[in-house]
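So that we are looking at the same thing, I have put the structure below in structure tokens.
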Amino acid sequence: MNDRLVIFDTTLRDGEQSPGASMTKDEKVRIATALERMRVDVIEAGFPIASPGDFEAVQAVAEVVRDSTVCGLARALDKDIDRAGEALRPAASARIHTFIATSPIHMEKKLRMSPDQVVEQAVKAVQRARRYTDNVEFSPEDAGRSELDFLCRIIEAVIDAGASTINIPDTVGYNVPDQFGALIEQLIQRIPNADKAIFSVHCHNDLGLAVANSLAAVLRGARQVECTINGLGERAGNAALEEVVMAVKTRRDVFPCDTGIDTTQIVPTSRLVSSITGFAVQPNKAIVGANAFAHESGIHQDGVLKSRETYEIMSAEDVGWSANRMVLGKHSGRNAFRSRMQELGIEFDSEEALNAAFASFKLLADKKHEIYDEDLIALVTDASLEAENERIKLVSLKVCSETGETPQAQVTLRIEDSECSATASGSGPVDAAFRAIEDLVRSGTELQLYSVNAITSGTDAQGEVTVRLEKGGRIVNGQGADTDIVIASAKAYINALNKIVKPEQRAHPQLGDV
Ligand code: KIV
Ligand code: ZN
């Protein structure tokens with residue numbers, strides 16, 4: 001029997017620390033639901049003390065998720081731990097993750113604390129966290145640049161205080177695989193009570209080594225890996241969940257452990273995270289990149305046709321690349337629609353919600369004859385985005401685009417309770433539509449990113465648009481989907497505008513006290 005490798009996903013916390021990747025409460029719940037469906041063991045939902053919005057998001061995830069453990073981050077401070085404990089109260093299974101820096105440079109320059117004070121605060125933090133849950137994780141921040149003797153001392157003390165997971169972060173992505181693996185092995189060998197905790201790793205990708213370092217640690221005894229979907233995260237990101245999971249699964253001959261992940265959920269979850277954050281996945285990205293299973297050279301194509309294993313070490317289906325299967329069409333009935341949605345893990349709260357989704361499906365099927373799983377997911381996402389748009393709603397959009405003429409757009413919006421219209425011209429129909437919306441809203445935001453993705457293949461495919469807006473240092477992303485990409489763009493722009501109206505101050509876990 002192989003050991004279990006615990007998969008701890010921090011897309012909603014460290015992933016959200018990527019500039020521009022901030023997520024709303026509803027978006028976090030959507031991603032958490034996808035992670036739960038993927039059977040992630042632990043979902044780090046956020047840093048509750050950071051802002052009221054972060055607190056509410058962790059609480060909302062704790063209310064919804066039943067099968068995965070929900071975790072909240074807290075510095076080794078009473079107020080952080082109490083806030084995390086409170087946010088996690090509704091969770092079926094809760095973990096508090098508390099941390100304090102242990103490298104000489106962090107203790108001296110950032111914390112201005114002596115090593116003795118750091119040990120004392122870490123122990124107190126773990127004891128306080130144990131008042132809320134017996135599932136407490138401790139991280140010595142910047143462990144990758146900390147002294148081995150000091151790490152052994154503080155870890156032994158926090159295990160005695162009740163920490164059951166010890167996470168070793170390479171906070172600045174400085175380590176290399178052999179040395180990092182050796183560090184994990186030495187800690188496990190030297191700490192007398194090491195057998196009372198699971199050793200975990202949390203690697204950043206500054207040298208492009210996050211996955212390699214994590215896997216080296218697994219070979220030397222780590223049994224939890226902290227990772228994010230698409231490798232999102234602070235600076236160069238964290239270890240990519242999909243790469244860690246598929247390496248362990250594909251090389252069972254090398255790794256003495258298995259994960260509990262349903263790998264067929266990897267690609268849909270990657271797409272969801274990419275569309276919510278607006279962080280596109282590079283085409284040659286392992287596992288989830290568009291070209292990850294594409295064979296261009298004739299020799300490779302010939303080999304794969306004769307026997308897939310000649311050039312493929314994993315199957316595309318195994319990680320969730322559906323072959324764009326046509327699932328439903330214009331003549332499909334309500335029951336077929338409901339049962340396919342159930343298979344995709346989408347449940348409706350009421351008959352009305354099902355009827356509304358079915359009506360949108362019929363409208364889509366009129367425009368697009370073949371409806372794929374991706375279309376169904378986009379349909380539901382689009383409905384929840386509409387519901388999120390509390391202040392500004394799109395009523396109608398008309399664009400005129402003609403060779404040799406300047407494109408024009410006429411937009412009607414409902415802003416709070418009144419309807420208003422504007423017409424504008426632009427360099428293209430999307431530009432004209434955005435200008436008309438801006439004439440009505442006057443948001444003063446700056447467009448930072450505009451990206452369009454075809455959800456499926458073919459010219460009748462739905463376009464999925466992400467728009468990133470910035471105002472006064474605050475960055476938000478908006479999404480929209482439609483078979484008409486100008487309409488999808490307007491929806492995405494309006495979705496982002498709805499989010500930017502409520503500015504929020506957030507603290508950052510790596511920056512001192514709040
Ligand atoms: O990178 C890091 O050190 C962290 C800790 C909070 C675990 O994200
Ligand atoms: Zn981190």
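The values are calculated or read from the model by the stated rules, or taken from the named source; none is laboratory data. Predicted model only: the values in this text are computed from it and were never measured. All Cβ positions, glycine included, derive from the backbone under ideal geometry; neighbour counts span all protein chains shown. Protein only, heavy atoms only, side chains kept; ligands, DNA and RNA dropped before computing areas. Shrake-Rupley method; radii C 1.70, N 1.55, O 1.52, S 1.80 Å.
Within segment 412-437, track down each residue that is under 16 Å from Asn389 (Cα atoms) and open to solvent by 40 Å² or more (accessible area, probe 1.4 Å).
Listed by number, the residues that qualify are Arg414, Glu416, Asp417, Ser418, Glu419.
Which of the residues belonging to segment 459-494 are over 19 Å from Ala432 (Cβ atoms), outside any loop (DSSP other than H, G, I, E, B) and either in contact with a Lys or Arg (Cβ under 8 Å, 6 or more places away or on another chain) or open to solvent by less than 20 Å² (accessible area, probe 1.4 Å) (or both)? Outline the logic, then answer.
Filtering segment 459-494 for residues over 19 Å from Ala432 (Cβ atoms) gives 459-462, 464, 466, 468, 470-477, 479, 481, 483.
Cutting the leftovers down to outside any loop (DSSP other than H, G, I, E, B) gives us 464, 466, 468, 470-471, 474-477, 479, 481.
Hits for segment 459-494 are Thr466, Ile475, Val476, Asn477, Gln479, Ala481.
Still on this model: Would you check if Gln265 is under 15 Å from the mean Cα position of the chain (by Cα) and either within 16 Å of ligand 1 (Cβ to nearest atom) or farther than 19 Å from Thr466 by Cβ (or both)? Show your work before the answer.
Details: under 15 Å from the mean Cα position of the chain (by Cα): yes; either within 16 Å of ligand 1 (Cβ to nearest atom) or farther than 19 Å from Thr466 by Cβ (or both): yes.
It is true that Gln265 is under 15 Å from the mean Cα position of the chain (by Cα) and either within 16 Å of ligand 1 (Cβ to nearest atom) or farther than 19 Å from Thr466 by Cβ (or both).
Grab the strands (runs of 3 or more DSSP E) fully contained in segment 54-165, keeping just those with 2 or more residues being of a type in the set (Val, Ile, Thr) and within 16 Å of ligand 1 (Cβ to nearest atom).
Values: elements: 69-75, 94-101, 136-141.
Ranges flagged: 94-101.
On to the next question. Within segment 219-235, take every residue that is small (Gly, Ala, Ser) and crowded, with 24+ Cβ neighbours inside 10 Å and give me the one that is nearest to ligand 1 (Cβ to nearest atom).
Residues of segment 219-235 that are small (Gly, Ala, Ser), as a first pass: 221-222, 231, 233.
Cutting the leftovers down to crowded, with 24+ Cβ neighbours inside 10 Å gives us 222, 231, 233.
Working: Ala222: 14, Gly231: 14, Gly233: 8 Å.
If we take residues in segment 219-235 being small (Gly, Ala, Ser) and crowded, with 24+ Cβ neighbours inside 10 Å, then Gly233 is nearest to ligand 1 (Cβ to nearest atom).
In addition: Might you check whether a residue that is part of a helix (DSSP H, G or I), among the hydroxyl-bearing types (Ser, Thr, Tyr) and not assigned by TED's automatic domain parsing to the domain that holds Thr263 occurs anywhere in segment 288-311? Please lay out each step first, then the result.
Start the filter on segment 288-311 by keeping residues that are part of a helix (DSSP H, G or I), which leaves 298-306, 308-310.
Within this subset, residues satisfying the condition of being among the hydroxyl-bearing types (Ser, Thr, Tyr) are 310.
Then drop every residue that is not not assigned by TED's automatic domain parsing to the domain that holds Thr263, which leaves 310.
Yes, because at least one residue in segment 288-311 is part of a helix (DSSP H, G or I), among the hydroxyl-bearing types (Ser, Thr, Tyr) and not assigned by TED's automatic domain parsing to the domain that holds Thr263.
Yes/no per residue for (1) under 10 Å from the mean Cα position of the chain (by Cα); (2) among the basic types (Lys, Arg); (3) in a loop (DSSP other than H, G, I, E, B):
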position	(1), (2), (3)
Met1	no, no, yes
Ile7	no, no, no
Thr11	yes, no, yes
Glu16	yes, no, no
Pro19	no, no, yes
Met23	yes, no, yes
Lys28	yes, yes, no
Ala32	yes, no, no
Val40	no, no, yes
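When you scan segment 378-400, how many residues do you find that are in a loop (DSSP other than H, G, I, E, B) and either open to solvent by less than 80 Å² (accessible area, probe 1.4 Å) or touching a strand residue (DSSP E or B) at 6+ places or on another chain (Cβ under 8 Å) (or both)? Even if it seems obvious, please write down each step before you answer.
The first filter runs over segment 378-400 and keeps only residues in a loop (DSSP other than H, G, I, E, B), leaving 389-391.
If we keep only those that are either open to solvent by less than 80 Å² (accessible area, probe 1.4 Å) or touching a strand residue (DSSP E or B) at 6+ places or on another chain (Cβ under 8 Å) (or both) as well, we get 389, 391.
Number of matching residues: 2.
Here's another thing I want to ask about it. Could you tell me how many of the residues in segment 169-196 are more than 16 Å from ligand 2 (Cβ to nearest atom), open to solvent by less than 10 Å² (accessible area, probe 1.4 Å) and over 22 Å from Val136 (Cα atoms)?
1
Tell me, please, whether a residue that is buried (at least 22 other Cβ atoms within 10 Å of the Cβ), among the charged types (D, E, K, R) and within 28 Å of Ala383 (Cα to Cα) can be found in segment 72-86. Spell out the reasoning first.
Just the residues of segment 72-86 that are buried (at least 22 other Cβ atoms within 10 Å of the Cβ), to begin with: 72-76, 80-81, 84.
Then drop every residue that is not among the charged types (D, E, K, R), which leaves 75, 80.
Those left that are additionally within 28 Å of Ala383 (Cα to Cα): none.
No, because not a single residue in segment 72-86 is buried (at least 22 other Cβ atoms within 10 Å of the Cβ), among the charged types (D, E, K, R) and within 28 Å of Ala383 (Cα to Cα).
In addition: Exactly one of these conditions fails for Thr11: (1) under 30 Å from Asp258 (Cβ atoms); (2) away from ligand 2 (no atom under 16 Å from the Cβ). Give me its number.
So the condition that Thr11 fails would be (2).
Same structure again: Residues being within 16 Å of the chain's Cα centre (by Cα) and under 16 Å from Ile166 (Cβ atoms): count how many of those fall in segment 203-236. Outline the logic, then answer.
Just the residues of segment 203-236 that are within 16 Å of the chain's Cα centre (by Cα), to begin with: 204, 225-236.
Checking the rest, the ones that are also under 16 Å from Ile166 (Cβ atoms) come to 225-226.
Selection size over segment 203-236: 2.
I would also like to ask the following. Before we move on, is Glu242 within 15 Å of Thr10 (Cα to Cα), in the same structural domain as Val176 (by TED's automatic domain parsing) and in a loop (DSSP other than H, G, I, E, B)?
Numbers: within 15 Å of Thr10 (Cα to Cα): yes; in the same structural domain as Val176 (by TED's automatic domain parsing): yes; in a loop (DSSP other than H, G, I, E, B): no.
Criteria not met by Glu242.
Something else about it: With respect to Leu207, determine if the residue is surrounded by fewer than 20 Cβ atoms within 10 Å (Cβ to Cβ) and within 16 Å of ligand 2 (Cβ to nearest atom). Steps first, answer last, please.
Working: surrounded by fewer than 20 Cβ atoms within 10 Å (Cβ to Cβ): yes; within 16 Å of ligand 2 (Cβ to nearest atom): yes.
The answer is yes for Leu207.
Report, by residue number, each residue of segment 5-22 that is near ligand 1 (Cβ under 10 Å from one of its atoms) and open to solvent by 10 Å² or more (accessible area, probe 1.4 Å).
Result: Arg13, Gln17.
Mind checking which pairs have a first residue in segment 1-29 that is farther than 26 Å from Glu390 by Cα and a second that is open to solvent by 10 Å² or more (accessible area, probe 1.4 Å) and of a type in the set (Asp, Glu), Cβ under 6 Å, 6 or more apart or different chains?
So the pair list comes out as Asn2/Asp258; Val6/Asp41; Ile7/Asp41; Asp14/Glu234.
Something else about it: Might you check whether a residue that is open to solvent by 40 Å² or more (accessible area, probe 1.4 Å), outside the structural domain of Val29 (by TED's automatic domain parsing) and outside any strand (DSSP E or B) occurs anywhere in segment 445-456? So that I can check it myself, show each step before the final result.
Initial filter on segment 445-456 (open to solvent by 40 Å² or more (accessible area, probe 1.4 Å)): 446-450, 452-454.
Still in the running and outside the structural domain of Val29 (by TED's automatic domain parsing): 446-450, 452-454.
Next, from what is left, pick out any that are outside any strand (DSSP E or B): none.
Scanning segment 445-456, I find no residue that is open to solvent by 40 Å² or more (accessible area, probe 1.4 Å), outside the structural domain of Val29 (by TED's automatic domain parsing) and outside any strand (DSSP E or B), so the answer is no.
So if I check each of Arg66, Arg95, Arg30, Arg39, which one is on the phi > 0 side of the Ramachandran plot and open to solvent by 10 Å² or more (accessible area, probe 1.4 Å)? If you could, list the steps in order and put the result at the bottom.
Numbers: Arg66 fails: on the phi > 0 side of the Ramachandran plot; Arg95 fails: on the phi > 0 side of the Ramachandran plot; Arg30 fails: on the phi > 0 side of the Ramachandran plot.
Checking each option against the conditions leaves just Arg39.
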